[in-house]
Structure formats: structure tokens, C-alpha cells
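Peer 1: Take a look at the following structure, please.
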Amino acid sequence: MSSLIATTPFSVLDRSRVRAGHDGPQALRDTVAFAREAERLGYHRFWVSEHHSVPGVAGSAPTVLAAAVASATSTIRVGTGGVMLPNHQPLVVAEQFGVLESLFPGRIDMGLGRSVGFTDGIRKALGRGKEDADDFGAQLAELLGYFDGSQRVHPQVHAHPAEGLAVPTFVLATGKGARVAAEAGLPLVIANVRGEETMLRAIEDYREAFRPSAQGERPYVVVSGTVAVADTTEAARRLLLPEAWSTAFSRTRGAFPPLSAPDDVMAQTMSDRERTLFDEALDRQMYGTQDEVAEALEKLLDRSGADEFLVTTSTYDRGAWLDSYGRLARLAGA
């Protein structure tokens, strides 16, 4: 085991992905069961996500799901990756995390993103527009102000029981999120969405612009990505086929479908555009045998200087998926 891998905390983000032939309620129950397994394996954090009106994702209410996860576990940190702040009023978000921290003291993380709904119809149903993402910095400042009692946007308004509580806050780097995180002095969560070089430049910019805050004296970077580990390279690659196809489908047809079995994915007749997106999705993931993944992880951790790695793997075969997480935990020395 390399020194970098051995000294880097590994955490989990589970999106409660729906599998073909199963339903959303089952996906949510699976998430809670997976959290118990992640705790047993020694992962550092377990986060859940927020998606609205997406057929392939059951996690629509992350703070509610986080409460269920925290109730089912005892030591692992629990949080959100993340609550999409432009979709909500900062007061309500503060109250929700205040309740979570009160019920599970010292175990709650507040991960926040700046994305709005996936489509015009979803944004309208949420009462939001694309422009609301531009106010993320102000929304974040108001939210944090409810915890330390400094918010002045709404005089004499207090978030109970959040006021006076300390909940670690993380910012997901979408668009301008990295700069907002730096200016607020908060940890950054970033993924290889637009290519590794783009991600590394964003991390560098974040570190250069970072302003120390009550939440942190120095930059803290959580690199997020998909990792699959198996006996063979091909077996690990096979684990990633369902998510790669779901991604390609969503970007060409505007809907994120449930995860299909790998054989069904390979039987698909893809357009040239879908094939390109499918191949790109696979290329940006990390997969292979334990030795192959260790080498790739070591390189990424070295290049990024990441303080933590957040694993986001989803697939159809839950047995092989759990085996992959177990192999990765052993590789990381969790």
C-alpha cells in the first residue's frame, strides 16, 4: 500500500440509484443498508445526494435520508453531497441541519451545491430559475450566518436549533462553486467532470484564492470519483457499464434512466453521439485490479494533493458492487 493512499481518508457518496426491475423505495432502503456496510468497512463519511424528478435516482430529500442513515449507523460521519442550496431557503436548510446535528452530535456534515433543477419544468415546480444559481455565494453566507447568529438578511430571525451549533460545511464545485468555497474558507468537493486537467486547475485556483475562516485555516480538497475494483480489469470495467450508459442516455435524451444490467447495456444500439459519450464516461472512471487501481489512485492523489477521496460508484450488480467497495477499503487500509 502506498503512503499517499494509506494516509488519505476514503468516503462514500451514494446517489440511491434505481436499478431496472426495482423501484425507488427499494433504492432508498438499499442506501441505508449500504451505509451500515460502509461503516463496517471503515469508510470515513457516508453522504447522500439531491435529485428531483429523475427516474433513475431515488434520493430527492437528502436531509431526510441522512437522518435515516445516521439512525442506522453509530460511528461513520453522515452528510449530504449535497443539498442544492438554490432550491431552498437558507433558513430551512439551517433548521434541518440543526435538527440533524442535535440528534446525532459530532457526526453530521453539510455538503452544499449550487445546481438548480435538471429541466425547466423541474425548476418551475421548485419555484426556481437558472439565475438562482448565481446567488449561491449570498445564500451560503446567509445560511452560515444562521449557525453563528451573524445573519442580517432577515433581522431578528433565528434558526433553531442550529444557532450556536458547529456543522462542518463543504462546497461542491459546479461552475463557480470552487471560487465561492475559497472565498468562504470552506472545504472543496470536486470531480473529474470536464477532464482531469480542468479539475486540477480548479483545485489550484481554489488553493490560491482560499481565505482562512472559522471553518478552516487552510484549504481542504475532497476529490470525488468512480472507482471499481475486481479480480480482472474487464470485470471491473463491466461494473461501470450501467452508469456510463445512463450518463450517455441522459445527455442525449434528457432523462436519467434506471441502471440496466451490463449485458443489456452492451446489447444497446447506440448512436454515434451516444457511443462517444459512453466511451468518455468510461474513460473518466478508475477501474481495474487492486494493483491497477492503486497505481491510478496514487497518481491522482499525488497530482491533486487531495486531502480526501469520495467514492461515487454505482452499478446494477449489487453483489459485485459491494465486493468492489470491500476491495477498495482493504486497499486503502480503512
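Peer 1: Please give the helix 136-148 orientation as an angle from the longest Cα principal axis of the chain, in degrees from 0 to 90, rounded to the nearest 10.
Peer 2: The answer is roughly 60 degrees.
Peer 1: Further, regarding this structure: For the chain, with the dipole built from +1 on Lys and Arg beta-carbon atoms and -1 on Asp and Glu ones, taken about the Cα centre, which of ALA6, ALA209, ILE76 lies farthest toward the positive end?
Peer 2: Positive-most Cα among the choices belongs to ILE76.
Peer 1: Something else: Please work out how much accessible surface GLU208 shows to a 1.4 Å probe, ignoring ligands, DNA and RNA, in Å² rounded to 10.
Peer 2: 140 Å²
Peer 1: Now a separate question. Ordering PHE210, PHE97 by accessible area with a probe of 1.4 Å, largest first, what comes out?
Peer 2: PHE210, PHE97
Peer 1: Roughly what angle does helix 318-332 make with the longest principal axis of the chain, taking Cα atoms, 0 to 90 degrees, to the nearest 10?
Peer 2: For 318-332 against the chain, the angle is about 70 degrees.
Peer 1: Sticking with this structure for a sec: Given all pairs of different Cα atoms, what value in angstroms does the Kirkwood hydrodynamic radius of the chain take?
Peer 2: In the chain this quantity evaluates to 20.3 Å.
Peer 1: Still on this model: Straight distance only, please: which lysines reach the Cα of LYS176 with their own Cα at less than 25 Å, same-chain residues fewer than 8 apart left out?
Peer 2: Straight-line reach from LYS176, under 25 Å: LYS124, LYS130.
Peer 1: Enter the angle in degrees (range 0 to 90, nearest 10) between the Cα long axis of helix 24-41 and the first principal axis of the Cα atoms of the chain, meaning the one along which they spread out most.
Peer 2: On a 0 to 90 degree scale, this one is about 90.
Peer 1: When all protein chains stay in place, what accessible area (Å², nearest 10, 1.4 Å probe) is found for GLU295?
Peer 2: 140 Å²
Peer 1: Turning to a different aspect of this structure: Given +1 on the Cβ of Lys and Arg, -1 on the Cβ of Asp and Glu, and no further charges, what dipole in debye does the chain carry about its Cα centre, rounded to the nearest 20?
Peer 2: Approximately 460 debye in magnitude.
Peer 1: If you rank GLU274, GLU163 by how much accessible surface each has, with a 1.4 Å probe, what is the order from largest down?
Peer 2: GLU163, GLU274
Peer 1: On to the next question. On the principal axes of its Cα set, how long, how wide and how thick is the range 105-183? Give whole Å, largest value first.
Peer 2: Taking max minus min along each principal axis of the Cα atoms, the range 105-183 gives 37, 26, 24 Å.
Peer 1: For the range 226-327, what does the relative contact order come out to in percent, with C-alpha contacts under 8 Å and a separation of six or more?
Peer 2: 46 percent
Peer 1: So if I restrict to the alpha-carbon atoms in the range 175-303, what is the Rg, and what is Dmax, the biggest pairwise distance, in Å?
Peer 2: Considering the range 175-303 through its Cα atoms, Rg and Dmax are 17.4, 53 Å.
Peer 1: Right, something else. Given the rule -39500 (n - 2.57) for each run of at least 4 DSSP H residues, summed and divided by the residues of the chain, what is its mean residue ellipticity at 222 nm, to the nearest 500 deg cm²/dmol?
Peer 2: That comes out to -14500 deg cm²/dmol.
Peer 1: If you restrict to DSSP beta bridges whose two residues both lie in the chain, what percentage is antiparallel, to the nearest 5?
Peer 2: Taking every DSSP beta bridge with both residues in the chain, the antiparallel ones total about 5 percent.
Peer 1: Okay, moving on. Using Cα pairs closer than 8 Å and at least 6 residues apart in sequence, work out the relative contact order for the chain, in percent.
Peer 2: Value for the chain: 20 percent.
Peer 1: Rounded to a whole number, what % of the accessible area of the chain do carbon and sulfur atoms account for, probe 1.4 Å?
Peer 2: Carbon and sulfur atoms account for 50 percent of the accessible area of the chain.
Peer 1: Please give the Cα centre distance for the range 262-289 versus the range 90-140, rounded to the nearest Å.
Peer 2: 32 Å
Peer 1: A further question on this structure: Skip the ligands, DNA and RNA, and give the accessible area per residue of the range 130-258 with a 1.4 Å probe, whole Å².
Peer 2: 49 Å²
The values are calculated or read from the model by the stated rules, or taken from the named source; none is laboratory data. Keep in mind that what you see is a predicted model, and the values were worked out from it rather than measured. Ideal geometry is used to build each Cβ from the backbone, glycine not excepted, and the neighbour counts take in all protein chains shown. Side chains are part of the model used for accessible areas, which takes the heavy atoms of the whole protein and leaves out ligands, DNA and RNA. Shrake-Rupley method; radii C 1.70, N 1.55, O 1.52, S 1.80 Å.
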